[in-house]
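The values are calculated or read from the model by the stated rules, or taken from the named source; none is laboratory data. It should be emphasised that the depicted structure is a prediction, and the values quoted were computed from it without experimental measurement. Virtual Cβ from ideal backbone geometry, glycine too; neighbours counted across all protein chains shown.
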């Protein structure tokens, strides 16, 4: 008889076993490469833009340069988050440390908002002052270099984010995409100045600031959704349908939570009161296989057999 016994198909919620361990190692290697490549590439791009921004006096280009350079500290934050998240579960943290990746994502969001504040302030100072913009052609070249570098890095990190299912890496990809738009804004501002509109540069800076705030809000909302155990209802629906397709499962209640890049699903399956423990365990293995086939993102499946007393 099942009685009130619960059983989990994993020894602990944070363990990653078998072929999943190899995939996890591959994902971490891909994430580390993406962080390293983007940090080096954007540090070089940002340094070039910063030097030219100081020469030309363009605040839009200055803001873009600082966005690029901010990828260096955010890359370190993300690297630290991934490093902490690989620690094994402990008595104090039985679910593991994978949420360190999401917390690192909040660090990325904080840098995005800080960039918006700085860009807005510099644009305001430029608008109310008599400072001009010089060497416009050189500034345009720097803006184009910034666009090319950021676009390449953004696409690379977005591809890795999809591969490893990382919301934090996705936030970093958005950060680089934001820098691409910032470079475009700087280019538009410099074109305006070239046509004699001195205010075009600070106005472009304000436009970039607003876009930074918008992206920062989206990134923060997505990360907080993860931290608050938000799950796509469609994933729960698919998991419930998969569990119900297994013979012997009369009803199923599904709950889930994200732990960094790991989606954990708990399947509470109601079975006939006469079901023996051995059969319930075999059914649980079938449920796990069915749920994994139905929900690509799932990393852990916890099977909780329940005695159906309504029949």
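For the reader, a short list of remarks on this structure follows.
- Enumeration of residues in region 188-198 that are out of contact with any helix residue (DSSP H, G or I) (no Cβ under 6 Å at 6 or more places or on another chain) and touching a residue at least 12 places away in the same chain (Cβ under 8 Å): 191, 198
- Residue match in region 78-88 (condition: in the same structural domain as residue 182 (by TED's automatic domain parsing), over 17 Å from the mean Cα position of the chain (by Cα) and modelled with pLDDT of 80 or more): yes
- Residue 152 vs. criteria closer than 17 Å to residue 57 by Cα and touching a residue at least 24 places away in the same chain (Cβ under 8 Å): no
- Answer residue from region 162-187, given it is in contact with a helix residue (DSSP H, G or I) (Cβ under 6 Å, 6 or more places away or on another chain) and without any contact (Cβ under 8 Å) to a residue 40 or more places away in the chain and is nearest to residue 73 (Cα to Cα) among those: 173
- Within region 217-230, one or more residues are closer than 19 Å to residue 120 by Cβ, in a helix (DSSP H, G or I) and without any contact (Cβ under 8 Å) to a residue 24 or more places away in the chain.
- Residue that is surrounded by fewer than 18 Cβ atoms within 10 Å (Cβ to Cβ) and within 19 Å of residue 202 (Cβ to Cβ), where the choices are 121, 95: 121
- Residues located in region 1-59, provided they are under 23 Å from the mean Cα position of the chain (by Cα), surrounded by 12 or more Cβ atoms within 10 Å (Cβ to Cβ) and modelled with pLDDT under 70: 13, 14, 15, 16, 20
- Complete set of residues in region 266-286 that are out of contact with any helix residue (DSSP H, G or I) (no Cβ under 9 Å at 6 or more places or on another chain) and either assigned to a loop (DSSP other than H, G, I, E, B) or over 23 Å from residue 235 (Cα atoms) (or both): 272, 273, 274, 276, 277, 278, 279, 280, 281, 282
- Any hit, region 168-180, residues being crowded, with 18+ Cβ neighbours inside 10 Å, modelled with pLDDT of 85 or more and over 18 Å from residue 115 (Cβ atoms): no
Residues checked against (1) under 22 Å from residue 23 (Cα atoms); (2) at pLDDT 95 or above; (3) buried (at least 20 other Cβ atoms within 10 Å of the Cβ); (4) not assigned by TED's automatic domain parsing to the domain that holds residue 87:
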site	(1), (2), (3), (4)
244	no, no, no, yes
249	no, no, yes, yes
261	yes, no, yes, yes
269	no, no, yes, yes
274	no, no, no, yes
280	no, no, yes, yes
292	yes, no, no, yes
301	yes, no, yes, yes
